[in-house]
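Comments concern the structure below.
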Amino acid sequence: MITHKTTYRVIYGDTDKMGIAYHANYLRWFEIGRSEMFRSFGITYKTIEAKGVLLPVSEAYCKFLFPAQYDDVLVINTSVDNDFKGGIKFIYTIDDEDSQKVLAKGYTKHACVDHNGRLIRPPKFLTELIEPQ
């Protein structure tokens with residue numbers, strides 16, 4: 001399984017009054033992880049959509065283990081569950097770069113739809129990108 005890593009520094013706007021990252025930001029960080037994973041494969045979400053494929057989130061899960069705090073550098077690890085059929089399932093862990101603690105883990109499932117909102121099979125250009133070589 002290929003795992004892509006990208007980093008993100010928690011900004012003040014990501015936190016609450018106590019300096020703890022707001023829980024919904026983890027889903028944003030998951031998005032950063034999958035966007036950067038695609039970019040590392042040589043394709044962007046914009047290009048995928050231009051090819052007629054949209055990837056709406058159909059399910060999201062996040063288990064919070066330890067809080068991320070202001071100015072922490074996060075390592076967002078993203079991989080693809082190649083056993084998932086009928087769409088794409090991304091698996092994530094968010095680690096603190098300094099302590100290497102896993103702060104959160106989760107997944108998102110994505111359907112493949114066309115520009116009319118009709119469900120389609122993942123196209124060959126996409127499956128070739130995400131399948132292990």
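The values are calculated or read from the model by the stated rules, or taken from the named source; none is laboratory data. Predicted model only: the values in this text are computed from it and were never measured. Neighbour counts are summed over all protein chains in view; Cβ atoms, including those assigned to glycine, are modelled from backbone coordinates with ideal geometry.
Tabulated results
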read-out	value
All positions within region 9-24 that are touching a residue at least 40 places away in the same chain (Cβ under 8 Å), farther than 10 Å from residue 67 by Cα, surrounded by 10 or more Cβ atoms within 10 Å (Cβ to Cβ) and not basic (Lys, Arg)	10, 11, 14, 15
Count - residues of region 77-133 that are of a type in the set (S, T, N, Q) and touching a residue at least 60 places away in the same chain (Cβ under 8 Å)	5
Residue within region 64-75 that is more than 19 Å from residue 9 (Cβ to Cβ) and of a type in the set (Gly, Ala, Ser) present	no
Filter result for residue 74 (touching a residue at least 40 places away in the same chain (Cβ under 8 Å), farther than 15 Å from residue 6 by Cβ and of a type outside the set (Ser, Thr, Tyr))	no
Condition met for residue 104 (of a type in the set (A, V, I, L, M) and over 29 Å from residue 131 (Cβ atoms))	no
Region 67-76: number of residues that are in contact with a helix residue (DSSP H, G or I) (Cβ under 7 Å, 6 or more places away or on another chain) and surrounded by fewer than 18 Cβ atoms within 10 Å (Cβ to Cβ)	1
Flag for residue 41 being of a type in the set (A, V, I, L, M, F, W, C), surrounded by fewer than 16 Cβ atoms within 10 Å (Cβ to Cβ) and modelled with pLDDT under 95	yes
Identity of the residue in region 80-110, touching a helix residue (DSSP H, G or I) at 6+ places or on another chain (Cβ under 8 Å) and under 28 Å from residue 120 (Cβ atoms), that ends up surrounded by the fewest Cβ atoms within 10 Å (Cβ to Cβ)	82
In region 30-58, residue farthest from residue 114 (Cα to Cα) [restricted to those that are free of Cβ contacts under 8 Å to residues at least 24 places away in the same chain and β-branched (Val, Ile, Thr)]	44
Residue in region 59-67 that is free of Cβ contacts under 8 Å to residues at least 24 places away in the same chain and over 14 Å from residue 29 (Cβ atoms) present	no
